[in-house]
Every structure is written in C-alpha cells, then in structure tokens.
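Structure record follows, encoded as structure tokens.
The values are calculated or read from the model by the stated rules, or taken from the named source; none is laboratory data. These figures come from a predicted structure and were not determined experimentally. Every residue, glycine as well, gets a Cβ built from its backbone with ideal geometry; the counts of neighbours run over all protein chains shown. Remember, those area values only see protein heavy atoms, side chains included, never the ligands or the DNA or RNA. Shrake-Rupley method; radii C 1.70, N 1.55, O 1.52, S 1.80 Å.
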Amino acid sequence: NVLVAGAGAFGGKVGIGAAAAYSDIEDNTTAAISNVADMQHGGDVTVNAESDASTISASAAVAVGAGQSGFGIAGTLSLNFIGSSTTAQIDNSSLTNTSTTAGDVKVTATDAENIFGLAGDFAFGGG
C-alpha cells in the first residue's frame, strides 16, 4: 500500500496548511492441512504460510503568509496500523509416509511486515 497526502496554502497575511494520511491494514494468511483422515505421501510434507504486508505513507503540508505581518501555520499527521495473523498448521489429520525412505514434516509461518512513514511540514511568515 502506498499513501500520499499533501496540502499547500498561500495567503497575503495568513497561510494555513494541513495534511493527513491514515491506513489500517488487516492481513490474514493461512496454510493448513485440516480434517484429512488418511493423507498418504511418499516423501516430505511442507505446510508454509508467508506474509509480507508493506505500507509506505507520506504526508506534507506547506503554508506561507507573505504579507508585511503575515504568518504561516502548517501541520501533518500520519497514522498507520497493521494487524496480521499468519498461521501454518496440521490439525485433525493423519499423515502416512508410503515411501521406504524417511520423509520430513515441516510446518512454518513467517510474518514480515513493514511500515515506512514520512511526515513533514513547512510554514513561513513574512515581515
């Protein structure tokens, strides 16, 4: 997800600028073998769940009050929330290796989330 918010203001005496960026991400990833009465396999069994939700958020505001006694006010707000669940499981199941060689059973879950947030503002008053 990429979020960008911006605002600019220019006034003879007063410049007011504000910008906001908001994200709320729910990421649910599941890999499963469930309710299998007799799963026959001839080697390795791998159940793998991976999630890598990423958010980039940028917000900026500029305000200029250019008059003789002008002033500028600028503000930014950036809120980012990520809630995730990554699950790998084998439940209520029976696995049978039909091979004459050993087979590994591997269950892994990896959750690698990233948030990059950038917020900035600039205000100028003349005089």
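Structure data summary
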{"read-out": "Hey, Phe124 touching a residue at least 60 places away in the same chain (Cβ under 8 Å), under 16 Å from the mean Cα position of the chain (by Cα) and either in a strand (DSSP E or B) or at positive phi (or both) or not", "value": "no"}
{"read-out": "From the options Ile33, Ile73, Ile25, residue that is open to solvent by 30 Å² or more (accessible area, probe 1.4 Å), touching a residue at least 24 places away in the same chain (Cβ under 8 Å) and not in a loop (DSSP other than H, G, I, E, B)", "value": "Ile73"}
{"read-out": "Segment 21-48, subset more than 17 Å from the chain's Cα centre (by Cα) and hydrophobic (A, V, I, L, M, F, W, C), residue farthest from Thr110 (Cα to Cα)", "value": "Ala37"}
{"read-out": "Residues of segment 37-50 that turn out to be part of a loop (DSSP other than H, G, I, E, B) and open to solvent by 50 Å² or more (accessible area, probe 1.4 Å), as a count", "value": "4"}
{"read-out": "Filter result (open to solvent by 80 Å² or more (accessible area, probe 1.4 Å) and without any contact (Cβ under 8 Å) to a residue 60 or more places away in the chain) within segment 76-105", "value": "Leu77, Phe81, Asn92, Thr98, Thr100, Thr101, Ala102"}
{"read-out": "Yes/no for Ala18 being over 20 Å from Gln89 (Cβ atoms), open to solvent by less than 70 Å² (accessible area, probe 1.4 Å) and either of a type outside the set (Ser, Thr, Tyr) or in contact (Cβ under 8 Å) with a residue 40 or more places away in the chain (or both)", "value": "no"}
{"read-out": "Restricting segment 106-126 to residues that are surrounded by 15 or more Cβ atoms within 10 Å (Cβ to Cβ) and at pLDDT 90 or above, the residue that is nearest to Gly12 (Cα to Cα)", "value": "Ala109"}
{"read-out": "Cβ-Cβ under 7 Å pairs, at least 6 apart or on other chains, segment 39-68 side within 30 Å of Thr100 (Cα to Cα), far side surrounded by 18 or more Cβ atoms within 10 Å (Cβ to Cβ) and small (Gly, Ala, Ser)", "value": "Val47/Ala88; Asn48/Ala88; Ala49/Ala88"}
{"read-out": "Output for segment 54-70, where each listed residue is in a strand (DSSP E or B) and of a type outside the set (A, V, I, L, M, F, W, C)", "value": "Ser54, Thr55, Ser57, Ser59, Gly65"}
{"read-out": "Residues satisfying the stated conditions in segment 1-15, i.e. open to solvent by 70 Å² or more (accessible area, probe 1.4 Å) and either part of a strand (DSSP E or B) or within 12 Å of Phe122 (Cα to Cα) (or both)", "value": "Val2, Val4, Phe10"}
